[in-house]
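Below is one structure; the comments refer to it alone.
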Amino acid sequence: MADTTSKLSKITSIGLLSLVTLFMGLIAGFLVGLKPKLLAMALIAGMSLLCFFTYFETTVIGLLILRTSLDIFSDFRLPAAFGLGMIVLTLLYVLVQLLTRQPVKTDGLWWFLILWLAFQALWVILLPLGGLGLDGSYLSSALREWIRLFAWLMVYLLVMQLKGRVPPEQMMTLLFWGLAIPLALASLQLLIPSALPERFLYQGGGAFEAGTRINGSLGHPNTFTSFLYLFIGLSYWKQRHAQFRTRWLWVLGAVVMFFVATKALFGLMMLTVFLFCILVPRMNAVNVLGAIALLTLVLGLFASTEFGQERLSSIAETPLLNPDMDIWKAILLSQGDGNSFNWRLSQWHYLLTQWQNHPWLGFGLGLGKYISTNGLEPHNDYVRALVEGGIIGFTSFLTFIGAQAIRLLQLIRRSAPNSAQQDLSFTLLALLAGLSVGMITENIWTHTTYFFYWFTVFAVAGWDWKTQNQEEDYA
């Protein structure tokens, strides 16, 4: 009976692929007469589809690694096309699995998040109906934001399908190849920036001049910062459980060096919170000294440059450290003092004033920058959630973060004590805590590459890992 079912599944798969091939052939014939470039794009898509179903594991991992190289081509809409492609591939895979009566692997968190995403569609629907602060002319922007979030959950679902096909330790090691292109380009930005085209250099903004910060291949230094922050945590975890720990210590050191070179103050804040969360349950002399040494190294490197010194000294001219300056004075001075934190206070004050006009449902998904007087993002993800979604949307945003924290606590409790899986879950929880703090002064919600990798690692953390302490190493 099992053999008969297997044969029927194979026959069904072959039939579906044949129909897809026939359909693509008809499209190719049409495109030849319409536009040759479209034919080339169709052929590339067809080859990708063939590789996806023929070499599933390799293609999925390759696509995840490729994602870190696309942001510098945002002008050509490659990141958006990539996100749509991942959605289409995932849905096709699920469809084939269902038609061939094969299991589709999910978990409780994914179902919760997909329901959460369906709830976010409320703001897309209400926008053209006049139920929000903005009107239907912004529908395309709101829909684009919803699709971006949908792509994150499709990545989560797609990586879940690798469960049982790729060992989790090996999967985590392979993800480090995603650092190759960003770090290679960041090295050139540090060493020979004049030899690079403008496309591969951060052109600055506000108080920053072109070439003063590195962004790797991720478009903006702050996006690069959050991406490196994730890999600092993963390198730390890998160094604790790999057989060749010295090798991973060098990887950690390299990532930290580039992390400092982004010159992002919010990154230092996130790293401090991460180290604190890592230390609290493991309070011993070695861990404390290690954390102090790492934080001292980061702060020392950051303050060793004139730019870093200016950034640190600017904090003294904010209400945080200056008792003679209140919030209102900082807002008044923000127009001319060049202090990015005071500028943020002014930005938040204006946005919160506008939010009061639509307190319950806000202005619409992904539309925070259209409310600002300068057309920039809020630089505070909590203010963004409140302005875009109102009190209801803000509550759903906190629920989104809280659900992930609860899931990680469940994995920590269910995993074998001192196992790699338990430690990975705990590391992700510490990273989430730091990220939540970083969201106070940065647009981390817009860092798509970070969340592609975050949900990839999150899915792997929920796989079936080995329960024994001695685990097979792949590095």
Practice task
Please work out which one of (1) within 18 Å of the chain's Cα centre (by Cα); (2) surrounded by fewer than 22 Cβ atoms within 10 Å (Cβ to Cβ); (3) at positive phi is the condition residue 433 fails and give its number.
Solution key: (3)
Practice task
Answer yes or no as to whether residue 147 is part of a helix (DSSP H, G or I), open to solvent by 20 Å² or more (accessible area, probe 1.4 Å), closer than 28 Å to residue 227 by Cβ and touching a residue at least 40 places away in the same chain (Cβ under 8 Å).
Solution key: yes
Fill in the blank from the handout: Within the range 52-79, restricting to residues that are touching a helix residue (DSSP H, G or I) at 6+ places or on another chain (Cβ under 7 Å) and polar (S, T, N, Q), the one that is nearest to residue 448 (Cα to Cα) is 68
Exercise for the section: Restrict the check to the range 214-233 and report whether at least one residue is at positive phi and buried (at least 23 other Cβ atoms within 10 Å of the Cβ). Expected result: yes
Exercise for the section: Could you list, in sequence order, all residues of the range 80-95 that are touching a helix residue (DSSP H, G or I) at 6+ places or on another chain (Cβ under 6 Å) and either closer than 25 Å to residue 215 by Cα or not hydroxyl-bearing (Ser, Thr, Tyr) (or both)? Expected result: 83, 86, 87, 89
Exercise for the section: Identify all residues within the range 371-391 that are of a type outside the set (A, V, I, L, M) and buried (at least 20 other Cβ atoms within 10 Å of the Cβ); write none if there are none. Expected result: 378, 379, 380, 381, 384, 388, 389, 390
Practice task
Considering only the range 343-360, state which residues are within 23 Å of residue 149 (Cβ to Cβ) and open to solvent by less than 20 Å² (accessible area, probe 1.4 Å).
Solution key: 351
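Residues are listed down the side, and each one gets a yes or a no for (1) in contact with a Cys (Cβ under 9 Å, 6 or more places away or on another chain); (2) more than 23 Å from residue 275 (Cα to Cα); (3) not charged (D, E, K, R):
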{"position": "385", "(1), (2), (3)": "no, yes, yes"}
{"position": "388", "(1), (2), (3)": "no, yes, no"}
{"position": "392", "(1), (2), (3)": "no, yes, yes"}
{"position": "399", "(1), (2), (3)": "no, yes, yes"}
{"position": "405", "(1), (2), (3)": "no, no, yes"}
{"position": "413", "(1), (2), (3)": "no, no, no"}
{"position": "420", "(1), (2), (3)": "no, no, yes"}
{"position": "429", "(1), (2), (3)": "yes, no, yes"}
Completion exercise
Those residues of the range 78-90 which are more than 15 Å from residue 159 (Cβ to Cβ) and of a type in the set (A, V, I, L, M, F, W, C) amount to 78, 80, 81, 82, 84, 88
Problem - residue 189 being in contact with a Lys or Arg (Cβ under 8 Å, 6 or more places away or on another chain), modelled with pLDDT of 90 or more and polar (S, T, N, Q) - result: no
Problem - Among the candidates 400, 394, 363, 426, residue that is open to solvent by less than 20 Å² (accessible area, probe 1.4 Å), among the hydrophobic types (A, V, I, L, M, F, W, C), part of a helix (DSSP H, G or I) and touching a helix residue (DSSP H, G or I) at 6+ places or on another chain (Cβ under 7 Å) - result: 400
Handout entry: Among (1) touching a Lys or Arg at 6+ places or on another chain (Cβ under 6 Å); (2) modelled with pLDDT under 75 - the single one residue 263 does not satisfy
Key = (2)
Practice task
Would you check if residue 166 is open to solvent by less than 40 Å² (accessible area, probe 1.4 Å), part of a loop (DSSP other than H, G, I, E, B), among the aliphatic types (A, V, I, L, M) and closer than 26 Å to residue 251 by Cα?
Solution key: yes
Fill in the blank from the handout: Restricting attention to the range 101-124, the residues that are open to solvent by 40 Å² or more (accessible area, probe 1.4 Å), of a type in the set (A, V, I, L, M) and part of a helix (DSSP H, G or I) number exactly 3
Practice task
Answer yes or no as to whether residue 201 is more than 22 Å from residue 73 (Cβ to Cβ), among the hydrophobic types (A, V, I, L, M, F, W, C) and out of contact with any His (no Cβ under 7 Å at 6 or more places or on another chain).
Solution key: no
Exercise for the section: Restricting attention to the range 56-73, report how many residues are closer than 8 Å to residue 178 by Cβ and open to solvent by 20 Å² or more (accessible area, probe 1.4 Å). Expected result: 1
Practice task
Please find, among 328, 355, the residue that is modelled with pLDDT under 70 and not β-branched (Val, Ile, Thr).
Solution key: 328
Problem - Residue among 291, 242 that alone is in contact with a helix residue (DSSP H, G or I) (Cβ under 7 Å, 6 or more places away or on another chain), closer than 25 Å to residue 441 by Cβ, of a type in the set (A, V, I, L, M, F, W, C) and at pLDDT below 90 - result: 291
Practice task
Tell me, yes or no, whether the range 383-395 has at least one residue that is in contact (Cβ under 8 Å) with a residue 12 or more places away in the chain, more than 18 Å from the chain's Cα centre (by Cα) and at positive phi.
Solution key: yes
Problem - Count of residues meeting criterion [in contact (Cβ under 8 Å) with a residue 24 or more places away in the chain and in contact with a Lys or Arg (Cβ under 9 Å, 6 or more places away or on another chain)] in the range 412-423 - result: 5
Practice task
Taking residue 415 as the residue in question, decide whether it is surrounded by fewer than 23 Cβ atoms within 10 Å (Cβ to Cβ), under 28 Å from residue 243 (Cβ atoms) and not charged (D, E, K, R).
Solution key: yes
Practice task
Could you figure out which of (1) touching a residue at least 40 places away in the same chain (Cβ under 8 Å); (2) part of a helix (DSSP H, G or I); (3) more than 27 Å from the chain's Cα centre (by Cα) isn't true of residue 128?
Solution key: (1)
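The values are calculated or read from the model by the stated rules, or taken from the named source; none is laboratory data. All values derive from a computational prediction rather than experimental measurement. For neighbour counting, all protein chains shown are included, and Cβ atoms are generated from backbone atoms with ideal geometry for every residue, glycine included. In case anyone asks, the SASA skips ligands and DNA or RNA and just uses the protein heavy atoms, side chains included. Shrake-Rupley method; radii C 1.70, N 1.55, O 1.52, S 1.80 Å.
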